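Report on the following structure.
The values are calculated or read from the model by the stated rules, or taken from the named source; none is laboratory data. These numbers were taken from a predicted model, which means no experiment stands behind them. Don't worry about glycine lacking a Cβ; one is built from the backbone with ideal geometry, like all the others, and counts go over all protein chains shown. Each accessible area value is taken on the protein alone, full model and side chains, heavy atoms only, with ligands, DNA and RNA left out. Shrake-Rupley method; radii C 1.70, N 1.55, O 1.52, S 1.80 Å.
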Amino acid sequence: MWLQVGANFILLLLTVGTFSLIMNGVVPLARSLFTPQRAGLAVGTYFAGASLGGSLLLVIFPQLVNVAVIPEAFIGAVAFLVVGACVKANRPISA
């Protein structure tokens, strides 16, 4: 029993840490998309959009409750690659 609790605790810490890095790591991208005078608007828009998306996710896609962990991880990895490609396409290449 304690081994399972310990393993779940480590997984929980890893998940929270990763989520924190993702949520806070996008703030510089959001700030770069707006002028410096509107940096606060950029950050507010980003967090408001993320909160709205998180609250409406299960309303729009109720079948996500039944998705297993492995397909969910694969969907997350694909979403990460798509966002990375969009960011790369949006940025000019500099030497």
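A few notes on this one:
- Karplus-derived 3J(HN,Hα) values for the stretch 75-90, using 6.51 cos²θ - 1.76 cosθ + 1.60 with θ = phi - 60°, are 4, x, 5, 5, 4, 4, 5, 5, 5, x, 5, 5, 5, 5, 5, 7 Hz; glycine and proline are entered as x.
- Accessible-area composition of the stretch 16-86, carbon plus sulfur, in percent [1.4 Å probe]: 77
- Once the chain from Q63 to N8 is taken as fully extended at 0.36 nm per residue, the excess over their C-alpha distance is 17.3 nm.
- For the chain, average projected area of the Cα convex hull in nm²: 9.0
- Sites S32 and S55, calculated FRET efficiency, Cβ-Cβ separation with R0 30 Å, nearest 0.05: 0.70
- In order along the stretch 60-74, phi translates into HN-Hα couplings of 7, 10, x, 6, 5, 5, 8, 7, 6, 5, 5, x, 5, 5, 5 Hz, rounded to whole numbers, per the Karplus curve 6.51 cos²θ - 1.76 cosθ + 1.60 with θ = phi - 60° and x for Gly and Pro.
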